[in-house]
Amino acid sequence: MTPRSDYHQGPVTLRGTQVPRTTTDQRLLDDAGPTDWVHSDPWRVMRIQAEFVEGFGALAEIGPAVAVFGSARTPADHPYYALGVQVGQALAQAGYAVITGGGPGAMEAANKGASGAGGTSVGLGIELPFETGLNEYVDLGIDFRYFFVRKTMFVKYSEGFVVLPGGVGTLDELFEAVTLIQTGKVTNFPIVLVGRSYWAPLLDWLEQTLLAEGMISPGDLDLMRVTDDVEEVVRWVTRHRQGREAPGERDV
């Protein structure tokens, strides 16, 4: 049997029928043929890489920052919207950039508060069929195709998460943060839930069901704080940054 010759394509070795009839350079330089390649997985990897590079480059020098999550459906005349404005304003006055998802509702409120207080107002948008783009109060905005790239930016450039009342997307971001801390994938940072009456049923369920069934550890509940006081939000974030956060404290 005649030995099959190797054909090398970068780190990939091809033999027999897998050997292409043209070289990579030929396919790159030939402008004829279908354009399906722009939707292929290898090309998506390049897009993903580009999103990481763009995000890292844009956010590297924003300084201390806190991510604020909340519902895009919060109306501008709702008390939760006013609370979001207060949170964004207080964080900016404390020297933090405010990073949100860049959308309407609670995200817009936090951006509005930060921008109005002269702080850095950041929006990390996501490509969705029902989103209308970044809100008008975003000073530094980036639109992402991929949720996981966007989440990486939130975690990498935020020193804490402040969570306003929200829905499925807000819960996703909240539990993503809790999971990363619980598993030691990120350095511990504060997670503050704003709105006692809104979050109390969730915290009760976590304690009375998950903890009672042994699905989580008692310390997992200590990863989250809950308050109605905007000053407490800033104080908890600041204390944690200064290394004075007492472990195990939980005020529910």
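Relative to the globular-protein estimate of 2.2 N^0.38 Å, the Cα radius of gyration of the range 110-252 stands at 1.10.
Label-to-label distance for THR179 and ARG21 is 4.6 nm, based on points extended 7 Å past Cα in the beta-carbon direction. Only protein atoms count toward the accessible area here, which uses a 1.4 Å probe; on the range 115-242, the carbon and sulfur part of that area reaches 51 percent.
Keeping every protein chain present and rolling a 1.4 Å probe, give me the accessible area per residue for the range 38-192 in Å².
46
Ranked by the mean number of other Cβ atoms within 10 Å of their residues, highest first, the peptides 39-45, 111-117 come out as 111-117, 39-45. Note on the range 29-128: Kirkwood hydrodynamic radius from all Cα pairs is 15.3 Å, rounded to one decimal. Here's the list of lysines a cross-link from LYS112 could span, going by alpha-carbon distance under 25 Å and ignoring same-chain residues fewer than 8 apart: LYS151, LYS156. Ellipsoid fit via the Cα gyration tensor, the range 48-102: semi-axes of 26, 16, 6 Å, each the root of five times an eigenvalue, largest first. Taking the Cβ-Cβ separation of LEU202 and ALA82 as r and a Förster radius of 22 Å, what is the calculated FRET efficiency to the nearest 0.05? My answer for the efficiency is 0.50. Measuring nothing but alpha carbons in the range 143-203 and taking Rh as the Kirkwood radius, the Rg to Rh ratio lands at 0.97. Protection proxy ranking for 46-55, 204-213, using the average of other Cβ atoms within 10 Å per residue and placing the highest first: 46-55, 204-213. Of the residues LYS156, LYS185, the one with the largest accessible area comes first in the ranking LYS185, LYS156, computed with a 1.4 Å probe on protein heavy atoms.
The values are calculated or read from the model by the stated rules, or taken from the named source; none is laboratory data. Fair warning: this is a prediction, and the values are worked out from it, not measured in the lab. Heads up, the Cβs are rebuilt from the backbone with ideal geometry, glycines too, and the neighbour counts pull from every protein chain shown. For accessibility, only protein heavy atoms count, side chains too; no ligands or nucleic acids. Shrake-Rupley method; radii C 1.70, N 1.55, O 1.52, S 1.80 Å.
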